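Q: The structure under discussion is supplied below as structure tokens; questions concerning it will follow.
The values are calculated or read from the model by the stated rules, or taken from the named source; none is laboratory data. All values reported here derive from a predicted model rather than from experimental measurement. Because the Cβ atoms are built from the backbone with ideal geometry, glycine has one as well, and the counts that use them run over all protein chains shown.
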Amino acid sequence: MSDCIFCKIIAGEIPSDKIYEDDMTVAFRDLHPQAPVHFLVVPKKHIECAADITAENSAEVARCFEVIAKLAEQEKLQGGFRVINNCGENAGQTVPHIHFHVLAGEVMGEKII
Ligand code: DGP
């Protein structure tokens, strides 16, 4: 998608603090961190949000979770971490390219769920 910020980051057209990349996935630090460790894991394929996951594209999402497990080790998140996905306006999704927030580095505050 030509006007998608995350597609531009994936293409290298916008700089990012990238911590991981493979054939299907990238991970980079969030511009506005909400915890001492806050990075985003994003499939390279443009899937708008969790409501658009299908049998045809779910391998991209599965890979994101494999990468999260790998990065938990790389980033030394043995104390635990939280994974968040916002889908759609009511959930506060601001970038319409599916992404998984990984937050860590402190004891998490009050839980939503
Ligand atoms: P969400 O609200 O769930 O759609 O999260 C979008 C996140 O993306 C938000 O925490 C800020 C981050 N973000 C937005 N633009 C950029 C950018 O250009 N670079 C980086 N690294 N993060 C961005």
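Q: Are there strands (runs of 3 or more DSSP E) fully within segment 17-113 with at least 2 residues that are in contact (Cβ under 8 Å) with a residue 12 or more places away in the chain and touching a Ser or Thr at 6+ places or on another chain (Cβ under 6 Å)? List them.
A: Of the strands (runs of 3 or more DSSP E) lying wholly inside segment 17-113, none has at least 2 residues that are in contact (Cβ under 8 Å) with a residue 12 or more places away in the chain and touching a Ser or Thr at 6+ places or on another chain (Cβ under 6 Å).
Q: Which of the residues belonging to segment 20-44 are within 21 Å of Glu89 (Cα to Cα) and surrounded by fewer than 19 Cβ atoms within 10 Å (Cβ to Cβ)?
A: Asp30, Leu31, His32, Pro33, Gln34
Q: Picking from Val83, Val67, Val41, which residue would you name as being of a type outside the set (Lys, Arg) and over 23 Å from Lys111 (Cα atoms)?
A: Matching residue, one of Val83, Val67, Val41: Val67.
Q: Just checking, how many residues over segment 1-18 are within 11 Å of the ligand (Cβ to nearest atom), surrounded by fewer than 17 Cβ atoms within 10 Å (Cβ to Cβ) and of a type in the set (A, V, I, L, M)?
A: Here the count works out to 2.
Q: Check off (1) of a type outside the set (D, E, K, R); (2) buried (at least 16 other Cβ atoms within 10 Å of the Cβ); (3) at pLDDT below 95 for Met108 and give me the number that stays unchecked.
A: Result: Met108 fails condition (2) only.
Q: Those residues that are near the ligand (Cβ under 8 Å from one of its atoms) and surrounded by 14 or more Cβ atoms within 10 Å (Cβ to Cβ), I need them from segment 85-105; list them, please.
A: Asn85, Asn86, Gln93, Val95, Pro96, His99, His101
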